[in-house]
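What follows draws every value from the coordinates through simple rules; no lab data is involved. Remember, it's a predicted structure, so these values are computed and weren't measured experimentally. Glycine gets a Cβ as well: all are built from the backbone with ideal geometry, and neighbour counts include every protein chain shown.
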C-alpha cells in the first residue's frame, strides 16, 4: 500500500504543520515542537492536555479546541513525546487552575506523562492526570484492569472533561469525573485489514489472511484475541456489542453513549452500515442509547476496521457534556 | 479487502438508515425510498437537491442540512435513482421558490435528472439544474467541456449554492452562480490503491500495480491518464497543482479556494501531509489561498488517494458562502 507521505522521519512535523494550515482558526503549532495549542484558549479554567504517538490522526490535534483539549503533544510514529516536551506543553497552557493530562494506558505513554507531571510539580505547578484504559479485549473487568490499553474511548473522555472544564470544574473534580467515566467505559476493536508500517512502505503492521478479520487488535497492530473469516457487518456488531454488554448491569433506567470509530481506512459507508446494525441490535438487547457518534477519531495509520465503545451514563451531566458545543474540528 | 457490509443488495438502504440513525437531529429518510431530507427545512427559499449512486459516502447525505442541500436522492451502487424517484424527491421539498438540482456530469445521472425535471415542469413546478463538470483529467478547458465528469468540486457547489439559497437568492440567480462556479473550478484526482467492488468482495475496482498510483482516475474506477510509481506526497501535490494552475490566469489579485478530498480509505494523516505540501507549493507559485478544506467528502468505496480542487473566487460573495455556517454534518 502507498501512504501519501514524504520521508518517514518528516511525518510528525509535516502532519502537524498540515493540520495547523487546514485549521489555522482553531489551532497553532509551537515552533520547533510537536505541540499543538488551542488559539485564544481560556485562562479561566483547568487546561487539558492529550497526546501520544503520531499515526493516530485526527487524534489528538483534531480534539484541540474550545470545550475539549487545550493542547496536545506528539512524539514520533507510535511513540509518545519525551517527558521534557510534555513539560513544555504543560507550561505553554498553564493557568492557576492547573493542568490535567489525559493519558492512554500504554507503558511508554504512562511513564513519560508521569515523569512530566513530577517535573511540573517540582516547579510548583498543579498537575494531575486521568488514565484511560477502555480496551476490554485484554482482560476482564477488575482483573488486571491496569493492563487494559487506552483506545478510542479516550475521545469521549476528552469531550466530557473538556466540557466540564469549560463549565468551571476544578482539577480535583475533573480527575474524579474522568476516573468515573473511564471505569464506566469499554471498547472493543476489530481489524478488517492491516495498516501499513509508516517507516517501511509495503510492510503491513501485522499479517491478516485475505477476507479475514482480527478481533481485539490494538492501535499499534498488537495481536487480537481471534482471527476468523469475515461474515457480515451484523455478525461483527453482534460479537462486539455482546462482549461489551457483558461488562454492565443493564436495566430499564440504564442509558448508554456509543462511539463507533473507524481505524483509519474505514469508509463512511461502512461506518453507517455498521451503525445501522448496532442500532438494530441495541433495540433487540433493550439497550437505551442516549448518544451516538461515528467517525474516524483514533486511528492506526491506514488499518481498516472499527472499534465500538460503550459508556454507561452514570451521571446526567455526562450527556450534557457530550452534547455541549466545541470548536474542535474532528469532533 | 473486506468491506463491512451485509448483502450487497442491501447496501443502499442500510447506509441511508445508518446515516439517519447517526444524524437524526439533522436528516430523515423518507420511508420506502432512498431519499434523505433535511429535518425542518426552510420553506422560504429555493430547495436544493443532490444525489447519485451509492458508494460515494458521505456524499451526498452528509451535505444535507441548513445552508447546504435540502435533500438528496440515491440509486443503487454507482447508479443514480430513476427519474420517478428524483421527481418524488423534488415534490418532497418543493416550495413556491422552486427547486434546483445539482447534477454530477455523468451520462446516466444527467439523463435521469433532466427527465425528472421535465416531468416536474409538466406538473407546473419551477425546477432548474446546474451541471458540475470539474474533473479536468479528461479534456482541456472549452474542448468538449461537456464530457468532463462531475467529481469532488460538487461539494463546493453544494456549499456555495446552499448558502446563497439561504440568503434568499432566486432560482435563476442560483443557476447563474452555480454555472459560474462550475466554470471557475477544476479537479484532478489520483488513486494510490484501487477500491473494492461492493458487489464482489476481493475484486478491485481496477488494477493498479503495488506502489504505483494512477493520475486522473474517476470516482467509479474509470481509467486515469497515467500510471507511475509513487514517489512522494510533494511530487504528487506538484503534479496536481501544476496541471490545475494551467487552467487559470493567476495574478496578484487572484484568490482561490482549495478542496482536498480523500477518495475513501485515505487517512487524516495523509490528507494533512498532502495539505502541507499544497500549502508550500502554493506559496512558491504565488497562489493566494483564501479558503481551504480537507476531508473525505466524495469517495469511491474504499479507494485510496486524493483529489485536489481549485476554484478561482471570482466574486467576493463566494468566499462568504463558503465560510457561512451549515448544519450539514460532513462539511
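Give me the percent of DSSP beta bridges within the protein assembly as shown that run antiparallel, rounded to the nearest 5.
Roughly 55 percent of the beta bridges in the protein assembly as shown run antiparallel, per DSSP.
By DSSP, what percent of the beta bridges with both residues in chain B are antiparallel, rounded to the nearest 5?
Bridges in chain B are about 55 percent antiparallel.
Need one value for A:9-20: mean number of C-beta atoms belonging to other chains within 10 Å of its residues' C-beta atoms.
Mean number of neighbouring Cβ atoms from other chains: 6.
Past the 19 angstrom mark, what percentage of all C-alpha to C-alpha distances in the stretch B:213-272 do you count?
42
Which number comes out as Rg/Rh for chain B once both Rg and the Kirkwood Rh are worked out on C-alpha atoms?
Looking at chain B, the ratio lands at 0.95.
Averaged over its residues, how many other protein chain Cβ atoms are within 10 Å of peptide A:258-267's Cβ atoms?
Mean inter-chain Cβ contacts per residue within 10 Å come to 5.
Taking 7 Å along the Cα-to-C-beta vector as the label spot, tell me the residue B:222-residue B:210 distance in nanometres, rounded to one decimal.
Label-label distance for residue B:222 and residue B:210, simple model: 3.1 nm.
Based on the Cα atoms of the stretch B:153-204, what semi-axes does the equivalent ellipsoid have, where each is the square root of 5 times one gyration tensor eigenvalue, given in whole Å with the largest first?
Largest first, the stretch B:153-204 gives 35, 14, 8 Å.
Averaged across B:222-234, how many Cβ atoms of other chains sit within 10 Å of each residue's Cβ atom?
Rounded to a whole number, the mean comes out at 2.
With 10 angstrom as the radius, rank A:318, A:331 by how many other C-beta atoms surround their C-beta, starting from the fewest.
Least to most surrounded, the residues fall as A:331, A:318.
Which three semi-axes in whole Å describe the equivalent ellipsoid of the stretch B:160-245, each the square root of 5 times a Cα gyration tensor eigenvalue, listed largest first?
For the stretch B:160-245, the ellipsoid semi-axes come out as 34, 19, 10 Å.
Once Rh for the protein assembly as shown is found with the Kirkwood sum over Cα pairs, what is the Stokes-Einstein diffusion coefficient at 4 °C and 1.567 mPa s, in µm²/s?
Using the Kirkwood radius from Cα pairs, D works out to 52 µm²/s.
Highest first, please rank the peptides B:149-155, B:129-135 by the mean number of other Cβ atoms sitting within 10 Å of their residues.
In decreasing order of mean packing, B:149-155, B:129-135 become B:149-155, B:129-135.
Any idea what diffusion coefficient the stretch A:9-184 gets from Stokes-Einstein, in µm²/s, Kirkwood Rh on alpha carbon pairs, 10 °C, 1.306 mPa s?
100
In the P(r) worked out for the stretch A:99-195, what percent of Cα pairs fall beyond 16 Å?
Tail of P(r) above 16 Å: 58 percent of Cα pairs.
Quick check on the exposure proxy: order A:181, B:93 from fewest to most C-beta atoms within 10 angstrom.
So the ranking, lowest neighbour count to highest, is B:93, A:181.
With no solvent and one equal point scatterer placed on each C-alpha of the stretch A:105-262, evaluate the Debye formula and give log10 I(q)/I(0) for q = 0.16 Å⁻¹, two decimals.
So the normalised log intensities work out to -1.03.
Just to be sure I understand: of the beta bridges DSSP finds with both ends in the stretch A:9-184, what percent are antiparallel, rounded to 5?
Approximately 30 percent, going by the DSSP bridge assignments.
Can you give the extra length, in nm with one decimal, that the chain gains between residue A:183 and residue A:232 once fully stretched, where that is 0.36 nm per residue apart less the Cα-Cα distance?
Going from the current span to full extension adds 14.6 nm.
Starting from the 7 Å offset along Cα-to-Cβ, what nm value, one decimal, do you get for the label separation of residue B:290 and residue A:10?
The modelled label-to-label distance comes out at 3.1 nm.
Figure the gain on full extension for residue B:249 and residue B:95 (residue separation times 0.36 nm, minus the Cα-Cα span) and round it to one decimal in nm.
51.4 nm
What is the order of B:220, B:212, B:276, fewest Cβ neighbours within 10 Å to most?
Ranking B:220, B:212, B:276 by Cβ neighbours within 10 Å, fewest first, gives B:212, B:220, B:276.
Once the stretch A:18-62 is represented by equal point scatterers at the alpha-carbon sites, with solvent omitted, what log10 I(q)/I(0) does the Debye formula produce at q = 0.13, 0.21, 0.34 Å⁻¹?
-0.30, -0.77, -1.38
Note the per residue figure in Å³ for the convex hull of the C-alpha positions in the stretch B:70-131.
Value for the stretch B:70-131: 71 Å³ per residue.
Going by average Cβ density within 10 Å per residue, which order do the peptides A:6-17, B:72-83, B:252-263 take, highest to lowest?
B:72-83, B:252-263, A:6-17
Given Cα pairs under 8 Å that are at least 6 residues apart, what percent is the relative contact order of chain B?
Computed over chain B, the figure is 19 percent.
What is the spin-label model distance, in nm, from residue B:200 to residue A:147 if the labels are put 7 Å beyond Cα along the C-beta direction?
Reported label-point gap for residue B:200 and residue A:147 is 4.6 nm.
Rounded to two decimal places and with Rh computed the Kirkwood way over Cα pairs, what is Rg over Rh for the stretch A:185-313?
0.98
As a check on your reading of the symmetry: which chain B residue has its Cβ nearest the axis that brings B onto A, and how far is it in Å?
Result for the axis mapping B onto A: B:265, 2.
To one decimal in nm, how far is residue B:168 from the same spot in the other copies, if labels go 7 Å from Cα toward Cβ? Please give the shortest first.
Its label point is 4.1 nm from the equivalent points in the other copies.
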